[in-house]
There are 2 protein chains.
Amino acid sequence: MLHLVIADSELELVPKSIRNHPVVVNYARRKGKRPEEVLLDSTYHHTALKKLEDGERRGRPDIVHICLLNALESIADKKGLLRVYVHTRNDEVIYIKPETRIPRNYNRFVGLMESLFKNRVVPRDLELLRMEKKGLKELIDEIKPDGVFIMHENGELLKPQEFGKTLAEIHEPLVVVGGFSHGDFRSEILGKKISIYKAPLMAWTVVNEVITNFEHWVF
Amino acid sequence: MLHLVIADSELELVPKSIRNHPVVVNYARRKGKRPEEVLLDSTYHHTALKKLEDGERRGRPDIVHICLLNALESIADKKGLLRVYVHTRNDEVIYIKPETRIPRNYNRFVGLMESLFKNRVVPRDLELLRMEKKGLKELIDEIKPDGVFIMHENGELLKPQEFGKTLAEIHEPLVVVGGFSHGDFRSEILGKKISIYKAPLMAWTVVNEVITNFEHWVF
(Lines give C-alpha, C1' and ligand atoms only; values in the text may rest on other atoms or scores of the structure.)
Protein backbone atom coordinates (compact mmCIF):
# COMPACT_ATOMS: atom_id res chain seq x y z
CA MET A 1 0.00 0.00 0.00
CA LEU A 2 1.34 3.40 -1.03
CA HIS A 3 0.52 6.30 1.30
CA LEU A 4 0.52 9.65 -0.47
CA VAL A 5 0.48 12.83 1.60
CA ILE A 6 -0.14 16.19 -0.08
CA ALA A 7 1.63 18.25 2.57
CA ASP A 8 1.62 21.90 3.63
CA SER A 9 -1.22 22.39 1.15
CA GLU A 10 -2.32 25.97 0.67
CA LEU A 11 -5.89 25.17 1.68
CA GLU A 12 -7.51 27.37 4.33
CA LEU A 13 -10.48 29.58 5.05
CA VAL A 14 -9.93 33.33 4.61
CA PRO A 15 -7.79 34.36 7.61
CA LYS A 16 -9.23 36.81 10.12
CA SER A 17 -6.91 39.70 9.24
CA ILE A 18 -8.29 40.10 5.68
CA ARG A 19 -11.96 39.24 6.25
CA ASN A 20 -12.91 42.89 5.95
CA HIS A 21 -10.96 43.42 2.73
CA PRO A 22 -13.31 44.52 -0.09
CA VAL A 23 -12.29 41.69 -2.48
CA VAL A 24 -13.11 39.13 0.21
CA VAL A 25 -16.36 40.79 1.29
CA ASN A 26 -17.60 41.02 -2.31
CA TYR A 27 -16.50 37.48 -3.12
CA ALA A 28 -18.33 36.06 -0.09
CA ARG A 29 -21.45 38.10 -0.85
CA ARG A 30 -21.55 36.78 -4.45
CA LYS A 31 -21.47 33.26 -3.04
CA GLY A 32 -24.10 34.01 -0.40
CA LYS A 33 -21.65 33.16 2.40
CA ARG A 34 -19.93 35.01 5.23
CA PRO A 35 -16.24 35.95 4.71
CA GLU A 36 -15.17 33.50 7.44
CA GLU A 37 -16.91 30.64 5.59
CA VAL A 38 -15.11 30.89 2.23
CA LEU A 39 -11.83 29.36 1.10
CA LEU A 40 -8.89 31.62 0.48
CA ASP A 41 -8.29 31.62 -3.29
CA SER A 42 -5.39 33.45 -4.93
CA THR A 43 -7.33 33.85 -8.18
CA TYR A 44 -9.92 36.04 -6.47
CA HIS A 45 -8.17 37.38 -3.37
CA HIS A 46 -4.93 38.48 -4.95
CA THR A 47 -4.92 42.06 -3.64
CA ALA A 48 -5.87 40.95 -0.12
CA LEU A 49 -3.18 38.23 -0.15
CA LYS A 50 -0.47 40.88 -0.51
CA LYS A 51 -1.21 41.84 3.10
CA LEU A 52 -0.60 38.31 4.41
CA GLU A 53 2.63 36.60 5.40
CA ASP A 54 3.54 34.12 2.63
CA GLY A 55 0.81 35.80 0.56
CA GLU A 56 2.53 34.90 -2.71
CA ARG A 57 1.98 31.17 -2.13
CA ARG A 58 -1.30 31.01 -0.19
CA GLY A 59 -4.84 30.26 -1.39
CA ARG A 60 -4.30 27.37 -3.82
CA PRO A 61 -7.24 24.94 -3.51
CA ASP A 62 -6.77 24.25 -7.25
CA ILE A 63 -3.52 22.36 -6.55
CA VAL A 64 -5.24 20.09 -4.03
CA HIS A 65 -8.16 19.58 -6.42
CA ILE A 66 -6.02 18.45 -9.36
CA CYS A 67 -3.82 16.22 -7.18
CA LEU A 68 -6.89 14.51 -5.73
CA LEU A 69 -8.61 14.04 -9.11
CA ASN A 70 -5.48 12.34 -10.40
CA ALA A 71 -4.77 10.22 -7.33
CA LEU A 72 -8.32 9.07 -6.63
CA GLU A 73 -8.99 8.13 -10.28
CA SER A 74 -5.68 6.31 -10.68
CA ILE A 75 -5.42 2.60 -11.40
CA ALA A 76 -3.52 2.17 -8.10
CA ASP A 77 -6.50 3.62 -6.22
CA LYS A 78 -8.96 1.39 -8.07
CA LYS A 79 -6.81 -1.63 -7.19
CA GLY A 80 -6.87 -0.67 -3.50
CA LEU A 81 -3.13 0.05 -3.37
CA LEU A 82 -3.27 3.74 -2.52
CA ARG A 83 -4.25 5.93 0.44
CA VAL A 84 -4.31 9.69 0.00
CA TYR A 85 -4.13 12.34 2.74
CA VAL A 86 -4.16 16.13 2.53
CA HIS A 87 -2.24 18.07 5.17
CA THR A 88 -2.70 21.85 5.28
CA ARG A 89 -0.54 24.84 6.23
CA ASN A 90 -2.56 25.19 9.44
CA ASP A 91 -1.94 21.58 10.48
CA GLU A 92 -5.22 20.03 9.58
CA VAL A 93 -5.32 16.57 7.99
CA ILE A 94 -8.02 15.42 5.59
CA TYR A 95 -8.58 11.67 5.54
CA ILE A 96 -10.13 10.48 2.29
CA LYS A 97 -11.83 7.15 1.74
CA PRO A 98 -10.38 5.56 -1.41
CA GLU A 99 -13.81 5.18 -3.03
CA THR A 100 -14.43 8.94 -2.84
CA ARG A 101 -15.43 10.58 -6.12
CA ILE A 102 -14.10 14.13 -5.86
CA PRO A 103 -16.29 16.72 -7.68
CA ARG A 104 -14.88 17.30 -11.17
CA ASN A 105 -16.06 20.89 -11.18
CA TYR A 106 -13.70 23.24 -9.35
CA ASN A 107 -16.40 25.45 -7.87
CA ARG A 108 -18.19 22.42 -6.47
CA PHE A 109 -14.91 21.18 -5.01
CA VAL A 110 -14.43 24.55 -3.29
CA GLY A 111 -17.97 24.29 -1.90
CA LEU A 112 -17.18 20.80 -0.60
CA MET A 113 -14.01 22.00 1.13
CA GLU A 114 -15.90 24.93 2.70
CA SER A 115 -18.43 22.44 4.02
CA LEU A 116 -15.59 20.24 5.33
CA PHE A 117 -13.99 23.14 7.22
CA LYS A 118 -17.38 23.88 8.76
CA ASN A 119 -18.62 20.38 9.57
CA ARG A 120 -15.33 18.42 9.78
CA VAL A 121 -16.93 15.49 7.93
CA VAL A 122 -18.69 15.30 4.51
CA PRO A 123 -21.12 13.85 3.76
CA ARG A 124 -22.51 13.30 7.25
CA ASP A 125 -23.60 9.71 6.56
CA LEU A 126 -20.74 8.25 4.50
CA GLU A 127 -17.95 10.36 6.03
CA LEU A 128 -15.92 10.11 2.81
CA LEU A 129 -13.85 13.10 3.90
CA ARG A 130 -12.89 13.79 7.49
CA MET A 131 -10.76 16.65 8.82
CA GLU A 132 -8.75 16.56 12.04
CA LYS A 133 -6.43 19.03 13.69
CA LYS A 134 -3.08 17.29 13.21
CA GLY A 135 0.51 18.03 12.23
CA LEU A 136 2.41 16.23 9.49
CA LYS A 137 4.72 14.45 11.92
CA GLU A 138 1.76 13.21 13.94
CA LEU A 139 0.07 11.92 10.75
CA ILE A 140 3.19 10.04 9.66
CA ASP A 141 3.67 8.55 13.14
CA GLU A 142 0.07 7.35 13.00
CA ILE A 143 0.42 5.71 9.56
CA LYS A 144 3.63 3.94 10.68
CA PRO A 145 5.14 3.59 7.19
CA ASP A 146 8.17 1.41 6.44
CA GLY A 147 9.88 4.30 4.64
CA VAL A 148 9.28 8.03 4.17
CA PHE A 149 10.21 9.83 0.94
CA ILE A 150 9.96 13.58 0.44
CA MET A 151 9.69 14.83 -3.12
CA HIS A 152 12.08 17.76 -3.18
CA GLU A 153 13.99 19.77 -5.77
CA ASN A 154 17.21 19.25 -3.86
CA GLY A 155 16.72 15.55 -3.23
CA GLU A 156 18.69 12.65 -4.68
CA LEU A 157 18.01 12.60 -8.42
CA LEU A 158 16.38 9.33 -9.47
CA LYS A 159 14.58 8.43 -12.68
CA PRO A 160 10.85 8.18 -11.95
CA GLN A 161 10.90 4.46 -12.77
CA GLU A 162 13.83 3.85 -10.41
CA PHE A 163 11.94 5.61 -7.65
CA GLY A 164 8.83 3.56 -8.47
CA LYS A 165 10.89 0.39 -8.03
CA THR A 166 12.21 1.63 -4.68
CA LEU A 167 8.63 2.22 -3.51
CA ALA A 168 7.40 -1.15 -4.71
CA GLU A 169 10.13 -2.95 -2.76
CA ILE A 170 8.85 -1.50 0.53
CA HIS A 171 5.79 -2.90 2.27
CA GLU A 172 4.16 0.40 3.31
CA PRO A 173 5.97 3.34 1.69
CA LEU A 174 4.88 6.92 2.34
CA VAL A 175 5.53 9.72 -0.15
CA VAL A 176 5.22 13.40 0.75
CA VAL A 177 4.43 15.84 -2.08
CA GLY A 178 4.22 19.58 -1.40
CA GLY A 179 0.74 20.97 -2.04
CA PHE A 180 2.09 24.41 -2.94
CA SER A 181 3.49 26.11 -6.03
CA HIS A 182 6.70 27.66 -4.77
CA GLY A 183 8.93 27.88 -1.75
CA ASP A 184 9.83 24.99 0.51
CA PHE A 185 8.00 22.78 2.99
CA ARG A 186 6.98 24.61 6.16
CA SER A 187 6.76 21.42 8.19
CA GLU A 188 9.84 19.59 9.35
CA ILE A 189 9.83 16.09 7.93
CA LEU A 190 12.17 13.20 8.58
CA GLY A 191 12.71 11.14 5.46
CA LYS A 192 14.74 10.65 2.31
CA LYS A 193 14.60 13.55 -0.13
CA ILE A 194 14.01 12.47 -3.73
CA SER A 195 14.00 14.47 -6.95
CA ILE A 196 12.66 12.92 -10.18
CA TYR A 197 13.54 15.74 -12.57
CA LYS A 198 16.27 18.33 -12.90
CA ALA A 199 13.77 21.23 -12.80
CA PRO A 200 10.73 22.02 -10.61
CA LEU A 201 7.51 20.17 -11.42
CA MET A 202 3.92 20.96 -10.53
CA ALA A 203 2.59 19.03 -7.52
CA TRP A 204 0.13 17.06 -9.67
CA THR A 205 2.88 16.06 -12.12
CA VAL A 206 4.84 14.60 -9.22
CA VAL A 207 1.70 12.83 -7.96
CA ASN A 208 1.16 11.29 -11.42
CA GLU A 209 4.78 10.18 -11.77
CA VAL A 210 4.91 8.67 -8.29
CA ILE A 211 1.65 6.74 -8.67
CA THR A 212 2.11 5.42 -12.21
CA ASN A 213 5.73 4.40 -11.61
CA PHE A 214 4.73 2.67 -8.39
CA GLU A 215 2.01 0.79 -10.30
CA HIS A 216 4.58 -0.28 -12.88
CA TRP A 217 6.38 -2.51 -10.40
CA VAL A 218 3.50 -3.86 -8.35
CA PHE A 219 1.10 -5.03 -11.08
CA MET B 1 7.64 12.60 -30.50
CA LEU B 2 4.32 11.45 -29.02
CA HIS B 3 1.20 13.07 -30.47
CA LEU B 4 -1.72 13.06 -28.04
CA VAL B 5 -5.19 13.89 -29.33
CA ILE B 6 -8.05 14.50 -26.88
CA ALA B 7 -10.81 13.56 -29.32
CA ASP B 8 -14.55 14.22 -29.53
CA SER B 9 -14.13 16.49 -26.52
CA GLU B 10 -17.34 17.84 -25.07
CA LEU B 11 -16.21 21.43 -25.53
CA GLU B 12 -18.60 23.82 -27.28
CA LEU B 13 -20.44 27.11 -26.93
CA VAL B 14 -24.07 26.87 -25.81
CA PRO B 15 -25.96 25.57 -28.87
CA LYS B 16 -28.61 27.78 -30.46
CA SER B 17 -31.59 25.65 -29.43
CA ILE B 18 -31.09 26.27 -25.68
CA ARG B 19 -29.79 29.86 -25.71
CA ASN B 20 -33.14 31.10 -24.45
CA HIS B 21 -33.34 28.58 -21.62
CA PRO B 22 -33.52 30.36 -18.23
CA VAL B 23 -30.49 28.55 -16.75
CA VAL B 24 -28.39 29.64 -19.74
CA VAL B 25 -29.71 33.22 -19.79
CA ASN B 26 -29.06 33.65 -16.06
CA TYR B 27 -25.64 32.03 -16.26
CA ALA B 28 -24.55 34.31 -19.12
CA ARG B 29 -25.91 37.39 -17.36
CA ARG B 30 -23.94 36.58 -14.18
CA LYS B 31 -20.79 36.42 -16.32
CA GLY B 32 -21.63 39.61 -18.18
CA LYS B 33 -21.71 37.76 -21.51
CA ARG B 34 -24.30 36.90 -24.14
CA PRO B 35 -25.68 33.32 -24.15
CA GLU B 36 -23.97 32.59 -27.47
CA GLU B 37 -20.58 33.57 -26.01
CA VAL B 38 -20.48 31.13 -23.08
CA LEU B 39 -19.27 27.53 -22.94
CA LEU B 40 -21.79 24.78 -22.42
CA ASP B 41 -21.18 23.40 -18.92
CA SER B 42 -23.07 20.43 -17.50
CA THR B 43 -22.54 21.66 -13.94
CA TYR B 44 -24.60 24.79 -14.60
CA HIS B 45 -26.78 23.90 -17.62
CA HIS B 46 -28.02 20.53 -16.48
CA THR B 47 -31.74 21.19 -16.95
CA ALA B 48 -31.19 22.76 -20.39
CA LEU B 49 -28.96 19.85 -21.46
CA LYS B 50 -31.86 17.44 -21.05
CA LYS B 51 -33.38 19.04 -24.16
CA LEU B 52 -30.29 18.33 -26.29
CA GLU B 53 -29.30 15.22 -28.23
CA ASP B 54 -26.51 13.46 -26.28
CA GLY B 55 -27.34 15.85 -23.43
CA GLU B 56 -26.11 13.38 -20.81
CA ARG B 57 -22.52 13.63 -22.07
CA ARG B 58 -22.22 17.22 -23.35
CA GLY B 59 -20.74 20.30 -21.69
CA ARG B 60 -17.55 18.94 -20.08
CA PRO B 61 -14.82 21.60 -20.36
CA ASP B 62 -13.52 20.26 -17.03
CA ILE B 63 -12.30 17.05 -18.70
CA VAL B 64 -10.31 19.02 -21.28
CA HIS B 65 -8.92 21.27 -18.55
CA ILE B 66 -7.60 18.44 -16.39
CA CYS B 67 -6.18 16.52 -19.37
CA LEU B 68 -4.33 19.64 -20.54
CA LEU B 69 -2.98 20.52 -17.08
CA ASN B 70 -1.55 17.03 -16.80
CA ALA B 71 -0.19 16.76 -20.34
CA LEU B 72 1.35 20.23 -20.59
CA GLU B 73 3.04 19.99 -17.18
CA SER B 74 4.38 16.48 -17.81
CA ILE B 75 8.07 15.68 -17.97
CA ALA B 76 7.58 14.52 -21.58
CA ASP B 77 6.27 17.97 -22.51
CA LYS B 78 9.17 19.70 -20.76
CA LYS B 79 11.59 17.49 -22.67
CA GLY B 80 9.97 18.44 -25.98
CA LEU B 81 8.70 14.93 -26.67
CA LEU B 82 4.97 15.64 -26.66
CA ARG B 83 2.45 17.48 -28.83
CA VAL B 84 -1.12 17.85 -27.59
CA TYR B 85 -4.23 18.56 -29.65
CA VAL B 86 -7.87 18.95 -28.63
CA HIS B 87 -10.55 17.86 -31.09
CA THR B 88 -14.16 18.75 -30.30
CA ARG B 89 -17.57 17.18 -30.96
CA ASN B 90 -18.22 19.87 -33.58
CA ASP B 91 -15.01 19.10 -35.48
CA GLU B 92 -12.82 21.92 -34.34
CA VAL B 93 -9.16 21.30 -33.55
CA ILE B 94 -7.17 23.28 -30.98
CA TYR B 95 -3.44 23.39 -31.64
CA ILE B 96 -1.45 24.06 -28.49
CA LYS B 97 2.15 25.22 -28.37
CA PRO B 98 4.06 22.96 -25.96
CA GLU B 99 5.27 25.92 -23.87
CA THR B 100 1.67 26.96 -23.11
CA ARG B 101 0.86 27.41 -19.43
CA ILE B 102 -2.84 26.56 -19.15
CA PRO B 103 -4.67 28.58 -16.43
CA ARG B 104 -4.78 26.53 -13.24
CA ASN B 105 -8.09 28.05 -12.21
CA TYR B 106 -11.08 26.42 -13.92
CA ASN B 107 -13.10 29.62 -14.33
CA ARG B 108 -10.13 31.30 -16.00
CA PHE B 109 -9.71 28.31 -18.29
CA VAL B 110 -13.38 28.58 -19.29
CA GLY B 111 -12.85 32.28 -20.03
CA LEU B 112 -9.82 31.42 -22.16
CA MET B 113 -11.81 28.84 -24.16
CA GLU B 114 -14.65 31.34 -24.68
CA SER B 115 -12.11 33.80 -26.01
CA LEU B 116 -10.64 31.10 -28.27
CA PHE B 117 -14.05 30.26 -29.75
CA LYS B 118 -14.56 33.96 -30.44
CA ASN B 119 -11.12 34.96 -31.73
CA ARG B 120 -9.76 31.61 -32.97
CA VAL B 121 -6.31 32.43 -31.52
CA VAL B 122 -5.22 33.38 -27.97
CA PRO B 123 -3.33 35.40 -27.10
CA ARG B 124 -3.24 37.45 -30.29
CA ASP B 125 0.53 37.96 -30.21
CA LEU B 126 1.92 34.60 -29.09
CA GLU B 127 -0.83 32.44 -30.63
CA LEU B 128 -0.29 29.75 -27.98
CA LEU B 129 -3.71 28.30 -28.77
CA ARG B 130 -5.21 28.23 -32.24
CA MET B 131 -8.55 26.77 -33.29
CA GLU B 132 -9.39 25.50 -36.77
CA LYS B 133 -12.45 23.86 -38.26
CA LYS B 134 -11.18 20.33 -38.80
CA GLY B 135 -12.26 16.72 -38.41
CA LEU B 136 -10.30 14.09 -36.51
CA LYS B 137 -9.37 12.16 -39.67
CA GLU B 138 -8.10 15.34 -41.31
CA LEU B 139 -5.98 16.15 -38.22
CA ILE B 140 -4.44 12.68 -38.16
CA ASP B 141 -3.72 12.81 -41.92
CA GLU B 142 -1.99 16.13 -41.37
CA ILE B 143 0.20 14.87 -38.47
CA LYS B 144 1.21 11.81 -40.54
CA PRO B 145 1.99 9.57 -37.56
CA ASP B 146 3.78 6.22 -37.90
CA GLY B 147 1.07 4.50 -35.86
CA VAL B 148 -2.36 5.38 -34.50
CA PHE B 149 -3.64 3.97 -31.18
CA ILE B 150 -7.14 4.51 -29.86
CA MET B 151 -7.64 4.15 -26.12
CA HIS B 152 -10.84 2.15 -25.88
CA GLU B 153 -12.59 -0.05 -23.30
CA ASN B 154 -12.95 -2.83 -25.87
CA GLY B 155 -9.41 -2.63 -27.18
CA GLU B 156 -6.61 -5.15 -26.80
CA LEU B 157 -5.74 -5.31 -23.10
CA LEU B 158 -2.13 -4.32 -22.49
CA LYS B 159 -0.38 -3.36 -19.27
CA PRO B 160 0.30 0.40 -19.32
CA GLN B 161 4.06 -0.25 -19.35
CA GLU B 162 3.75 -2.65 -22.30
CA PHE B 163 1.81 -0.03 -24.18
CA GLY B 164 4.43 2.59 -23.28
CA LYS B 165 7.12 0.33 -24.77
CA THR B 166 5.08 -0.07 -27.95
CA LEU B 167 4.82 3.71 -28.27
CA ALA B 168 8.51 4.27 -27.63
CA GLU B 169 9.47 1.84 -30.40
CA ILE B 170 7.63 3.96 -32.99
CA HIS B 171 9.13 7.15 -34.38
CA GLU B 172 5.98 9.32 -34.36
CA PRO B 173 3.15 7.54 -32.51
CA LEU B 174 -0.27 9.14 -32.15
CA VAL B 175 -2.61 8.27 -29.29
CA VAL B 176 -6.30 9.16 -29.29
CA VAL B 177 -8.02 9.58 -25.90
CA GLY B 178 -11.75 10.33 -25.73
CA GLY B 179 -12.46 13.73 -24.15
CA PHE B 180 -15.82 12.61 -22.79
CA SER B 181 -17.09 10.78 -19.73
CA HIS B 182 -19.32 8.09 -21.18
CA GLY B 183 -20.47 6.61 -24.45
CA ASP B 184 -18.23 5.91 -27.43
CA PHE B 185 -16.26 7.98 -29.92
CA ARG B 186 -18.48 9.85 -32.37
CA SER B 187 -15.72 10.17 -34.96
CA GLU B 188 -14.65 7.21 -37.05
CA ILE B 189 -10.97 6.54 -36.44
CA LEU B 190 -8.65 4.09 -38.14
CA GLY B 191 -6.14 2.68 -35.69
CA LYS B 192 -5.39 -0.04 -33.18
CA LYS B 193 -7.72 -0.11 -30.20
CA ILE B 194 -5.90 -0.44 -26.87
CA SER B 195 -7.23 -0.90 -23.33
CA ILE B 196 -4.91 -0.47 -20.33
CA TYR B 197 -7.31 -1.53 -17.60
CA LYS B 198 -10.19 -3.95 -17.24
CA ALA B 199 -12.63 -1.20 -16.24
CA PRO B 200 -13.35 2.31 -17.59
CA LEU B 201 -10.92 5.06 -16.59
CA MET B 202 -11.31 8.82 -16.61
CA ALA B 203 -9.81 10.56 -19.66
CA TRP B 204 -7.11 12.25 -17.55
CA THR B 205 -6.11 8.95 -15.94
CA VAL B 206 -5.54 7.51 -19.41
CA VAL B 207 -3.58 10.63 -20.40
CA ASN B 208 -1.35 10.24 -17.32
CA GLU B 209 -0.75 6.53 -17.91
CA VAL B 210 0.05 7.00 -21.59
CA ILE B 211 2.47 9.87 -21.04
CA THR B 212 4.35 8.52 -18.01
CA ASN B 213 4.69 5.02 -19.48
CA PHE B 214 5.91 6.49 -22.77
CA GLU B 215 8.50 8.51 -20.82
CA HIS B 216 9.64 5.35 -19.08
CA TRP B 217 11.06 3.90 -22.28
CA VAL B 218 12.42 6.98 -23.99
CA PHE B 219 14.42 8.61 -21.18
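Treat every Asp and Glu Cβ in the range B:75-147 as -1 and every Lys and Arg Cβ as +1, leave all other atoms uncharged, and give the resulting dipole magnitude about the Cα centre to the nearest 20 debye.
With Lys and Arg at +1 and Asp and Glu at -1, about 280 debye.
For residue A:9, enumerate residues with amide H under 5 Å from its amide H, sequence gap 5+ or separate chain, H modeled in the peptide plane.
Counting only residues 5 or more places away or on other chains, the set is A:87, A:88, A:89, A:179.
Nearest-5 percent of antiparallel DSSP beta bridges in chain A?
Percentage antiparallel, nearest 5: 35.
What translational diffusion coefficient, to the nearest whole µm²/s, does chain B have by Stokes-Einstein, given a Kirkwood radius computed over alpha-carbon pairs, a temperature of 10 °C and 1.306 mPa s viscosity?
Value of D from the Cα-based Kirkwood radius: 89 µm²/s.
Provide an ascending nm list, one decimal, of label-point separations from residue B:157 to the equivalent residue in each further copy; define each label point as 7 Å from Cα along Cα→Cβ.
Values, ascending and in nm: 4.0.
Got the relative contact order for chain A handy, in percent, Cα pairs under 8 Å and 6 or more residues apart?
Value for chain A: 26 percent.
With a/c under 1.5 counting as rounded, go ahead and sort the range B:59-139 into rounded, prolate or oblate using the C-alpha gyration tensor (a ≥ b ≥ c being the square roots of the eigenvalues; past the cut-off, prolate if a/b is larger than b/c, else oblate).
Rounded, because the longest to shortest axis ratio a/c is under 1.5.
Rounded to whole Å, give me the distance from the Cα center of the range A:16-47 to that of the range A:60-95.
25 Å
Determine how many Å³ per residue the convex hull of the Cα atoms of the range A:98-193 encloses.
So the per-residue hull volume is 155 Å³.
Using the Cα atoms of the protein assembly as shown, I'd like the radius of gyration and the largest Cα-Cα distance, Dmax, both in angstrom.
Cα only, the protein assembly as shown: 21.5, 60 Å (Rg, Dmax).
State, to one decimal in nm and shortest first, how far the label point of residue A:182 sits from each corresponding label point in the other identical copies (label point: 7 angstrom along Cα-to-Cβ).
Its label point is 4.3 nm from the equivalent points in the other copies.
Please get the size of the charge dipole for the protein assembly as shown, origin at its Cα centre, with Cβ charges of +1 on Lys and Arg and -1 on Asp and Glu, quoted in debye to the nearest 20.
1800 debye
Just the accessible area for residue B:44, please: 1.4 Å probe, Å², rounded to the nearest 10?
Per-residue accessible area (residue B:44): approximately 70 Å².
Taking square-rooted eigenvalues a ≥ b ≥ c of the alpha carbon gyration tensor, is the range B:29-97 rounded, prolate or oblate, where a/c under 1.5 means rounded and, failing that, a/b exceeding b/c means prolate?
Taking the square roots of the gyration eigenvalues as a ≥ b ≥ c, the range B:29-97 is prolate.
Where in the range A:88-191 are there trypsin sites (Lys or Arg not before Pro) that are in a DSSP coil and have at most 10 other Cβ atoms within 10 angstrom of their Cβ?
In loop regions of the range A:88-191 (DSSP not H, G, I, E or B), the sparsely surrounded trypsin sites (Lys or Arg not before Pro) are A:101, A:124.
Most mobile of B:189, B:63, B:102 per a Gaussian network model of chain B (Cα springs, under 10 Å)?
The residue with the greatest mean-square fluctuation here is B:189.
Among bridges DSSP assigns within the protein assembly as shown, what percent are antiparallel (round to 5)?
In the protein assembly as shown, DSSP labels about 35 percent of beta bridges as antiparallel.
For residue A:134, go through the aspartates and glutamates and keep the ones whose alpha-carbon is under 19 Å away, minus same-chain ones fewer than eight residues off.
Residue A:134 reaches A:8, A:10, A:12, A:91, A:92, A:114, A:142, A:188.
Calculate for chain B the 222 nm mean residue ellipticity that helices alone would give, adding -39,500 (n - 2.57) per DSSP H run of length 4 or more and normalising by residue count, nearest 500 deg cm²/dmol.
My calculation for chain B gives -10000 deg cm²/dmol from helical runs alone.
May I ask you to list the lysines whose Cα is less than 22 Å away from that of residue A:50, ignoring any residue fewer than eight positions away on the same chain?
The reachable lysines, counting only those whose Cα sits under 22 Å from residue A:50, are A:16.
Give, in nm to one decimal, the length gained when the segment between residue A:125 and residue A:185 is fully stretched (0.36 nm per residue of separation minus the Cα-Cα distance).
The span from residue A:125 to residue A:185 would gain 18.2 nm if fully extended.
Can you spot the lysines whose alpha carbon is less than 22 Å from residue A:165's alpha carbon? Ignore those fewer than 8 places along the same chain.
A:78, A:79, A:144, A:192, A:193, A:198, B:159, B:165
Run through the other copies and list how far each one's label point is from that of residue A:218, in nm with one decimal, shortest first; the point sits 7 Å from Cα along Cα-Cβ.
So the label point of residue A:218 gives 2.7 nm to the other copies.
The values are calculated or read from the model by the stated rules, or taken from the named source; none is laboratory data. In this text, all values refer to a predicted model and were calculated from it rather than measured experimentally. FYI the Cβ positions are ideal-geometry reconstructions off the backbone, even for glycines, and counts take in every protein chain you see. Surface accessibility is based on the protein's heavy atoms, side chains included, excluding ligands, DNA and RNA. Shrake-Rupley method; radii C 1.70, N 1.55, O 1.52, S 1.80 Å.
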